[in-house]
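The values are calculated or read from the model by the stated rules, or taken from the named source; none is laboratory data. This one's a predicted model, so the numbers in the text were calculated from it and none came from an experiment. Counting neighbours? That spans all protein chains shown, and the Cβs are built from the backbone with ideal geometry, glycine included. Protein only, heavy atoms only, side chains kept; ligands, DNA and RNA dropped before computing areas. Shrake-Rupley method; radii C 1.70, N 1.55, O 1.52, S 1.80 Å.
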Amino acid sequence: MASIIFGPGNLHALSVRLRIFVGSGIFQYGPFIRGVQRRWKKPVDSARTRLEGRTRDHRLDKLMVQLRNLRHALALRELISQRRNEYASLQLLSKWRHEVGLNIEIGAFLKKYPHIFQIYMHPVKRNHCCKVTQKMTDLIAEEEAVIRENETNIVQRLKKLLMLSTNGSLNMHALWLVRRELGLPDDYRSSMLPKYPHDLYLESPDTLSLVSRDDELAVAKIEEWRKKEYTEKWLAESETKYAFPINFPTGFKIEKGFREKLKNWQRLPYTKPYEKNDLHPIHNVERIEKRIVGILHELFSLTVEKMIPLERLSHFRRVFAMEVNLRELLLKYPGIFYISTKGSAQTVILRESYSKGCLVEPNPVYDVRRKMLDLILSGCRNVGEPESAALFAEEYDQASCHELQKNMCQVDTANTVLELETDSDSYRKKCITENLPYQHFCDSQEKSD
């Protein structure tokens, strides 16, 4: 009986009837079709979805990929320089691949950048080793020299950074994480801070504090742009006093009413980064957000390359009174900030500071780092040009010498033949004048030969 009911013919008929019932609306939400019910879901609007759906800036994304390769190269250089003879075998470097963050084979990565790494065969151990090229070594030394020469500017940036904080102090660990972004040397704690006891001091082993506030430094970088806009473009003071430079990426869609909202936001007053307003706290959400935007803008302006990884930026939330979700706030203002997800990390970039992948206002430290990036961009091009030129010159000299010797030999041979012909002609004339037989002339020729 069961075999008849659940036979293939009856099961097919049952499935057809169920489709008819579903199509006609009968048993649309019955127990038999619970798995195919469709429920309306509200679209999720979060920082993650806005990050995925944002308008991308391909030039900045490409720059971040290039900077990621440079970071990997510098990390490998640091590991190689810690070795006793400043070289390491490829077998040893392959063990450090995951520590650096490489997702390709170490040999393939090193061969991509011959201007930075030199692979050679060890004369004794007979294994492949790697060392840093002289070009990269010179650039590292040049960067250290430039940082030492600009210590005064670095101290001023540190003082401005401390003045941005609520209590005039910063955590040393947070400062260590952004030392490269601020242009600090690795040993700044022992080499630089003791030289300026009247400006900075260590309140505790983990806290750096400001000795006294300098009102001359309490001017934000954005004020220079506002003054330029006011004087050169003849704009009203109400339009420039609290405005920010806006630069949307290519392809950004402007919705209806967006321009009016942006214009109102640009005129909205706010407490500027270096101003303290503890007696009259702000409760307006928009003004609080605009103050945080101003603090972030000034923080990025104090860095060398005008960018900071988002993860490291979160260490300054409490000390700068930015108790908001930073990623959501940054995504709300795509004309001022750009979050790039390329380069194995989320990096926040100040949009106005870059044009066509280069910094608009470069500084000495950036110039040296740009030279390092040029070695990355060169790849395998222009490799061995001096050696090949020298080899070509040497081969050319050798060929010229051989050709000169050959020509000299030919000249000597021609001179010898001419001398022989001259001698034979003179002897023939002698025979004719002295009436000597011709056989005597031939015999003398054979003897001379």
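Looking across the range 226-235, the residues that are modelled with pLDDT under 90 and either under 18 Å from THR271 (Cβ atoms) or surrounded by 15 or more Cβ atoms within 10 Å (Cβ to Cβ) (or both) come down to GLU229, TYR230.
Out of the range 241-254, which residues are more than 19 Å from GLU286 (Cβ to Cβ), open to solvent by 80 Å² or more (accessible area, probe 1.4 Å) and free of Cβ contacts under 8 Å to residues at least 40 places away in the same chain? Those that are more than 19 Å from GLU286 (Cβ to Cβ), open to solvent by 80 Å² or more (accessible area, probe 1.4 Å) and free of Cβ contacts under 8 Å to residues at least 40 places away in the same chain: none in the range 241-254. Within the range 124-183, the residues that satisfy the criterion of being among the hydroxyl-bearing types (Ser, Thr, Tyr), touching a helix residue (DSSP H, G or I) at 6+ places or on another chain (Cβ under 9 Å) and in contact (Cβ under 8 Å) with a residue 12 or more places away in the chain are THR133, SER165, SER169. If you check SER212, SER238 for being open to solvent by 30 Å² or more (accessible area, probe 1.4 Å) and assigned to a loop (DSSP other than H, G, I, E, B), only one passes: SER212. Summed over the range 299-341, the residues that are closer than 19 Å to SER46 by Cα, open to solvent by 50 Å² or more (accessible area, probe 1.4 Å) and free of Cβ contacts under 8 Å to residues at least 40 places away in the same chain give a count of 3. Restricting attention to the range 354-363 and to residues that are of a type in the set (A, V, I, L, M, F, W, C) and either closer than 25 Å to THR133 by Cβ or in a loop (DSSP other than H, G, I, E, B) (or both), the residue that is nearest to the chain's Cα centre (by Cα) turns out to be CYS358.
Exactly one residue out of THR240, THR271 is at pLDDT below 90 and within 27 Å of ASN363 (Cα to Cα): that is THR240.
Let's see how each residue does on (1) of a type in the set (A, V, I, L, M); (2) modelled with pLDDT of 90 or more; (3) more than 23 Å from TYR113 (Cα to Cα); (4) part of a loop (DSSP other than H, G, I, E, B):
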{"residue": "ILE282", "(1), (2), (3), (4)": "yes, no, yes, yes"}
{"residue": "HIS315", "(1), (2), (3), (4)": "no, yes, yes, no"}
{"residue": "TYR338", "(1), (2), (3), (4)": "no, yes, yes, no"}
{"residue": "ILE349", "(1), (2), (3), (4)": "yes, yes, yes, no"}
{"residue": "GLU352", "(1), (2), (3), (4)": "no, yes, yes, no"}
{"residue": "VAL365", "(1), (2), (3), (4)": "yes, yes, no, no"}
{"residue": "GLU387", "(1), (2), (3), (4)": "no, no, no, no"}
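Restricting the range 367-385 to residues that are in a loop (DSSP other than H, G, I, E, B) and open to solvent by 70 Å² or more (accessible area, probe 1.4 Å), which is modelled with the lowest pLDDT? By that ranking, first place goes to VAL383. Could you list all residues from the range 255-268 that are assigned to a loop (DSSP other than H, G, I, E, B) and either under 35 Å from the mean Cα position of the chain (by Cα) or surrounded by 11 or more Cβ atoms within 10 Å (Cβ to Cβ) (or both)? Matches in the range 255-268: GLU255, LEU268.
Taking the criterion of being among the basic types (Lys, Arg) and either touching a Leu at 6+ places or on another chain (Cβ under 9 Å) or on the phi > 0 side of the Ramachandran plot (or both), the residues of the range 325-348 that qualify are ARG327, LYS342. Would the range 250-257 turn up any residue that is more than 19 Å from LYS332 (Cβ to Cβ) and touching a Lys or Arg at 6+ places or on another chain (Cβ under 6 Å)? No: zero hits.
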